[in-house]
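Presented below is the structure to which this report refers.
Nothing in this text is a laboratory measurement; each read-out follows from the coordinates by a stated rule. No experiment lies behind these values; they were computed from the predicted model shown. FYI the Cβ positions are ideal-geometry reconstructions off the backbone, even for glycines, and counts take in every protein chain you see.
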Amino acid sequence: MKPRVLLTHGETARRYYYGARALAALQEIADVRLNPGEAPLLGDALVDAARDCRVIISDRQAAAPATLFAQLPGLAVFQRCAVDVRNVDIPAASAAGILVTHASPGFANSVAEWIIGAMVSLARYQADAVHAYRSGVPPVVRMGRELRGATLGIIGYGVIGRRLGELGAALGMRVVVSDPFAQAVEAPATLLPLEQLLPQADHVVCLAPANAQTENLMDAGRFAAMKPDAFFINASRGELVDEAALLQALDAGRLAGCAMDVGRAPDQMPSPALARHPLVLATPHIAGLTPEAAEHQSRETVAQLAELLAGRMPVGALNPAQATRLQLLHAA
């Protein structure tokens, strides 16, 4: 008998972030219940939709607090189709015997390519010219800057940072990296303390993870430490940036420009006050939105469930020692 699985993604999110091929593969091994609406399943709506389900495969908006696990005695597994599990109460899931899994970051190349595109657009004033032409206004002709020979400063040397470093080096950029947990970086990148990276970099790219230690990592002091003609790019999480300090730096001409795919608006969207700024290039959290990136994570959730049904603990399990409800996967 196939276990019943709730897929929380709304219709559009399911099309963009899960995909038809992954859904077909999931339906081969599970009795899949779909979110029939457009809005994400949150709070009581998520509880009601998952009442008789053994597994929840969730999008990043579907928070899983302790109250969710307390109200679903038949739930065995909570799978996150994303890396970020900050809105999942893992200790509460463990106390209830529910396994929590997450996906690996299959979006490194997609996000790194978005960053390269953002750097080119900022350095060549492409967005300004496009907007002028579309508005029927003659564009201002401005001297641009090449990436070749510029210094790329990467904050955070995870999978995206490493891929970005490769692309930057291939374009002839000098690559410097700051990451307190990195013992070494791949040549030709150079590892530096953040205080040394900021005044050297022409493009500062924030890719650090979001946690208590990195909250407002980029504050007024760090923006002041950057070169006055440097560009700042955030493709990680909005919590890393003191947005008031960034806005002040832009208004004061302390930065040449900024690109952001994330922010402190709901669902990690760029904040409107910053997104409308004339020196800001903002996109609605789409850096990792490519078919290749989306399918990597969705297919991984299918593989994880297949491993569990075969009696094996999958890669991506976050609390395997506390997963005492797994026998429910095979119960009626």
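Distance between the pseudo-spin-label points of His330 and Val141 (7 Å out from Cα toward the beta carbon): 7.5 nm.
Since only Gly168, Ala108, Leu305 are under comparison, the one whose Cα sits farthest along the positive direction of the charge dipole of the chain, derived from C-beta charges on Lys, Arg, Asp and Glu, is Leu305. For GluC sites (Glu not before Pro), the sites in the range 148-236 that DSSP calls loop and that have at most 15 other Cβ atoms within 10 Å are Glu186, Glu215.
Computed over the chain, relative contact order equals 19 percent, with contacts defined as Cα pairs under 8 Å that lie 6+ residues apart. When the square roots of the Cα gyration tensor eigenvalues are ordered a ≥ b ≥ c, the ratio a/c for the range 228-270 is 1.5 or more and a/b exceeds b/c, which makes its shape prolate. Rounded, prolate or oblate: which fits the range 85-188, taking a ≥ b ≥ c as square roots of the Cα gyration tensor eigenvalues, rounded meaning a/c under 1.5, else prolate when a/b beats b/c? Since a/c reaches 1.5 but b/c is at least a/b, the shape of the range 85-188 is classed as oblate.
State log₁₀ I(q)/I(0) for the range 3-72 at q = 0.19, 0.21, 0.22 Å⁻¹ as given by the Debye formula over alpha-carbon point scatterers of equal weight, solvent excluded. At q = 0.19, 0.21, 0.22 Å⁻¹ the computed log10 ratios are -0.70, -0.85, -0.93. Can you give the FRET efficiency for Val315 and Phe181, using 1/(1 + (r/R0)^6), R0 = 30 Å, r = Cβ-Cβ distance, to the nearest 0.05? It comes to 0.90.
On the basis of the beta-carbon distance and an R0 of 45 Å, Asn216 and Glu28 show a calculated FRET efficiency of 0.45. Could you give the dipole magnitude of the range 45-145 about its Cα centre, charging the beta-carbon of Lys and Arg +1 and that of Asp and Glu -1, in debye to the nearest 20? Magnitude of the dipole: close to 400 debye.
Here the chain is assigned +1 on the Cβ of each Lys and Arg and -1 on the Cβ of each Asp and Glu. Its dipole about the Cα centre then comes out at about 400 debye. Set against the labelled values (i) 56, 41, 33; (ii) 68, 50, 33; (iii) 55, 44, 37, Cα extents along the principal axes in Å computed from this structure falls on (ii).
Taking amide H atoms as placed 1.01 Å from N in the peptide plane, the amide H of Ala201 lies under 5 Å from those of Lys227, each 5 or more residues away in sequence or on another chain.
Shown in residue order for the range 19-36 are the 3J(HN,Hα) couplings computed by the Karplus curve 6.51 cos²θ - 1.76 cosθ + 1.60 at θ = phi - 60°: x, 5, 5, 5, 5, 4, 5, 5, 5, 6, 10, 8, 8, 9, 9, 9, 6, x Hz (x for Gly and Pro). Shape class for the range 207-332: prolate, because the ratio a/c of the largest to smallest gyration tensor axis (alpha-carbon atoms, square roots of eigenvalues) is 1.5 or more and a/b beats b/c. Using R0 = 25 Å, the C-beta based FRET efficiency linking Thr67 and Ala39 works out to 0.80.
Under a 5 Å amide H cut-off, with hydrogens placed 1.01 Å from N, Met269 pairs with Gly263 among residues at least 5 apart or on other chains.
The trypsin sites (Lys or Arg not before Pro) of the range 229-332 that DSSP puts in a loop, and whose beta carbon has at most 11 other beta carbons within 10 Å, are Arg276, Arg312.
Across the range 227-242, rounded Karplus estimates of 3J(HN,Hα) from the backbone phi angles (6.51 cos²θ - 1.76 cosθ + 1.60, θ = phi - 60°) give 4, x, 10, 8, 10, 10, 10, 10, 10, 10, 9, x, 5, 6, 10, 6 Hz, Gly and Pro being marked x. Placing pseudo-labels 7 Å out from each Cα toward the beta carbon at Thr190 and Asp52 gives an inter-label distance of 6.5 nm. Give me the angle, in degrees from 0 to 90, between the Cα long axis of helix 291-309 and the longest principal axis of the Cα atoms of the chain, rounded to the nearest 10. Here the helix axis deviates by roughly 30 degrees.
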